[in-house]
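Undergrad: Please find one structure pasted underneath; my questions will follow.
Taken together, the values in this text are just the output of simple stated rules run on the coordinates, not laboratory data. Owing to the predicted nature of the structure, the values given are computational and were not obtained by experimental measurement. Glycine gets a Cβ as well: all are built from the backbone with ideal geometry, and neighbour counts include every protein chain shown.
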Amino acid sequence: MLFLLGEKTVASTENLGEFNCPICDTNKNLVRVIEKNYFTLFFIRILPLGTTADYNQCEGCGHTYSALDADAPLYFETVQSVLAYLLAGYGLSHGIGVSQKIFEAITGKEISATEIQHHIKRINQGSSLFEQLKSSVDKLSWLDKSLIIEAAYLLVYAARPIEYEERLQINLVGNALGVCLEAVNAIVNNLGAMQYKGIQAMEIENHIH
Ligand SMILES: [Zn+2]
């Protein structure tokens, strides 16, 4: 007898109500999206395998929020951490200006040098970026995740020629966010098509004056 086994993702949504979205700059619905994986037999759901996503998404812009009264989308914090992690890792404390520029190119909002410095301090004190990424995997939408990967790529792009080791960092960020390699490649190729959102290659000088 042939058994047809499989896996299926089922999404359910619940409207949490209207909120004043800081990105849409108007009132929009905030919708809770829950995705669950099921084990299937002959395409019939048999066994829940667990929740793969559980986030609150604005119906207008597609970004995710912690709650109705949030004043910024969740991915802002993650973009700041990724930029700080790469700056700290490459010893590029003189690249804060460029990281501010990248934050603005990605989010459309400004960020102060102090805020980036605050994140660098946290990274230097041992705060783990990858634990932060993994803990936010199910809280972020696909749009948020692709923008976080864009920010990581742009920082590396602005800092040095992209070689194997640099590319590995981007793939690790993607992997921690649950984004597969093919999708990371597509995101990076798309950035090229968008002229790297106005960020120049090697914009951060590698020598210190
Ligand atoms: Zn919105």
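Undergrad: Could you name the lysines in cross-link range of K121, using Cα to Cα under 23 Å and dropping any fewer than eight places away on the same chain?
TA: K101, K109, K134
Undergrad: When 1/r is averaged over all different Cα pairs and the result inverted, which Kirkwood radius in Å belongs to the chain?
TA: When all Cα pairs of the chain are included, the Kirkwood radius is 18.5 Å.
Undergrad: Mind putting a number on the dipole of the chain about its Cα centre? Charges go on the C-beta only, +1 for Lys and Arg and -1 for Asp and Glu, and I need it in Debye to the nearest 20. All intermediate terms of the calculation are to be shown ahead of the outcome.
TA: On the way: 15 positive and 23 negative charges, 72 e Å.
Roughly 340 debye, rounded to the nearest 20.
Undergrad: Cut-off is 10 Å between beta-carbons; in what order do H94, H119 appear when sorted fewest neighbours first?
TA: Numbers: H94 14, H119 24.
Fewest-to-most ranking of H94, H119: H94, H119.
Undergrad: While we're here: Where Rh denotes the Kirkwood radius from the mean inverse Cα pair distance, what is Rg over Rh for the stretch 57-129?
TA: Values: Rg = 13.1 Å, Rh = 12.9 Å.
Radius of gyration over Kirkwood radius for the stretch 57-129 works out to 1.01.
Undergrad: For the stretch 93-162, run through the trypsin sites (Lys or Arg not before Pro) and keep only the ones in DSSP coil with at most 14 other Cβ atoms within 10 Å of their Cβ.
TA: On the way: sites: K101, K109, K121, R122, K134, K139, K145; in loops: K109.
Sites meeting the loop and neighbour criteria: K109.
Undergrad: Moving on. Quick one: plug the Kirkwood hydrodynamic radius of the stretch 75-198 (C-alpha pairs) into Stokes-Einstein at 10 °C, 1.306 mPa s, and report D in µm²/s. Please list the in-between numbers first.
TA: Numbers: Rh = 14.2 Å.
Value of D from the Cα-based Kirkwood radius: 112 µm²/s.
Undergrad: Let me ask you something else. Set the Förster distance to 35 Å, then compute FRET efficiency between E104 and R160 from the Cβ-Cβ distance, nearest 0.05. Walk me through the intermediate numbers first.
TA: Working: r = 21 Å, r/R0 = 0.61.
Working from the Cβ atoms, E equals 0.95.
Undergrad: Listing D69, D144, D54 from the residue with the fewest other Cβ atoms within 10 Å to the one with the most, what is the order?
TA: Values: D69 8, D144 23, D54 12.
Least to most surrounded, the residues fall as D69, D54, D144.
Undergrad: Do the sum for the chain: with -39,500 (n - 2.57) for every DSSP H run of n ≥ 4, divided by all residues, what is the mean residue ellipticity at 222 nm, to the nearest 500 deg cm²/dmol?
TA: On the way: 7 runs with 90 residues, N = 209.
So the calculated ellipticity at 222 nm is -13500 deg cm²/dmol.
Undergrad: Quick check on the exposure proxy: order F76, F130 from fewest to most C-beta atoms within 10 angstrom.
TA: Values: F76 23, F130 13.
Ranked by crowding around the Cβ, least crowded first: F130, F76.
Undergrad: With unit charges on the beta carbon (Lys/Arg positive, Asp/Glu negative), name the residue among I23, L5, L47 whose Cα is farthest towards the positive pole of the charge dipole of the stretch 5-65.
TA: So the residue furthest toward the plus end is L5.
Undergrad: Once you have the Cα-Cα distance between W142 and K197, take 0.36 nm times their residue separation minus that, and quote the gain in nm to one decimal.
TA: Working: separation 55, 0.36 × 55 = 19.80 nm, distance 1.91 nm.
Contour length minus Cα-Cα distance gives 17.9 nm.
Undergrad: Just in the stretch 22-65: which chymotrypsin sites (Phe, Trp or Tyr not before Pro) are loop by DSSP and have at most 10 other Cβ atoms within 10 Å? Could you put the intermediate results ahead of the total?
TA: Working: sites: Y38, F39, F42, F43, Y55, Y65; in loops: F42, F43.
Of the chymotrypsin sites (Phe, Trp or Tyr not before Pro), the ones in loops of the stretch 22-65 whose Cβ has at most 10 other Cβ atoms within 10 Å are F42, F43.
Undergrad: Which loop GluC sites (Glu not before Pro) in the stretch 1-89, with loop taken from DSSP, have no more than 15 other Cβ atoms within 10 angstrom of their Cβ? Please report the intermediate quantities before stating the final value.
TA: Values: sites: E7, E14, E18, E35, E59, E77; in loops: E59.
Filter output for the stretch 1-89: E59.
Undergrad: Taking the Cα centre of the stretch 1-112 as the origin and placing charges on Cβ (Lys, Arg +1; Asp, Glu -1), which of F103, N37, Y75 is farthest toward the positive end of the dipole?
TA: Final value for the positive-end residue is N37.
Undergrad: Related question: Along the positive direction of the dipole of the chain (beta-carbon charges: Lys, Arg +1; Asp, Glu -1; about the Cα centre), which of C58, W142, L92 reaches farthest?
TA: Positive-end residue among those listed: W142.
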